[in-house]
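Encoded as structure tokens, the structure appears first; notes follow it.
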Amino acid sequence: MAGLPTGIRLRLFGLSQGHGGRIEEQVWPHTPDLTVGQLWADLQRQADPRAPLASLQRDMVLALVNGVPVQRLERGWDATLAEGDTVTFMVKAFGG
């Protein structure tokens, strides 16, 4: 469709300062060979230092690419992203 932004559709759940449990959505520029892990590292570098995103370790995050957990992808965090992919990052929940 004409006029729609291109790139990676990025969804962050509970990772931004002051957003609590809300989902923040944005379009991230797609670059060749961009991986899930590189995207996460770029997000952390650009994050507000007070936001959970800035200091959260990767093993505490659930990452999904087009609804598929990153652990199920052949290359995991090293999976290359394609134009139009949707990537979701959220804090893993633990409890009993």
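Among the residues of the range 28-67, the one identified as β-branched (Val, Ile, Thr), over 20 Å from Gly14 (Cβ atoms) and at pLDDT 95 or above is Thr35.
Give the range 68-82 a look and list any residue that's of a type in the set (A, V, I, L, M) and in a helix (DSSP H, G or I), or say none. Show your work before the answer.
The initial filter retains those residues of the range 68-82 that are of a type in the set (A, V, I, L, M), namely 68, 70, 73, 79, 81-82.
Of everything in the range 68-82, just one residue is of a type in the set (A, V, I, L, M) and in a helix (DSSP H, G or I), namely Val70.
Residues in the range 25-67 that are loosely packed, with under 15 Cβ neighbours inside 10 Å and outside any loop (DSSP other than H, G, I, E, B): Glu25, Gln26, Val27, Ala41, Asp42, Arg45, Gln46, Ser55, Arg58, Asp59, Met60, Leu62.
Any idea which residue in the range 1-14 is modelled with the highest pLDDT, counting only those that are aliphatic (A, V, I, L, M) and under 18 Å from Leu81 (Cβ atoms)? This residue is Ile8. Pairing each residue of the range 34-49 that is closer than 15 Å to Pro69 by Cβ with any residue that is β-branched (Val, Ile, Thr), provided the two are 6+ apart or on different chains, yields C-beta distances under 8 Å for Val36/Val65; Val36/Val70; Val36/Val87; Trp40/Val61.
When the range 68-96 is filtered for residues that are surrounded by 11 or more Cβ atoms within 10 Å (Cβ to Cβ) and hydrophobic (A, V, I, L, M, F, W, C), the ones remaining, listed by number, are Val68, Val70, Leu73, Trp77, Ala79, Leu81, Ala82, Val87, Phe89, Met90, Val91.
The values are calculated or read from the model by the stated rules, or taken from the named source; none is laboratory data. Quick caveat: nothing in here was measured; it's all calculated off a predicted structure. Glycine also receives a Cβ, built like all others from the backbone with ideal geometry; neighbour counts cover every protein chain displayed.
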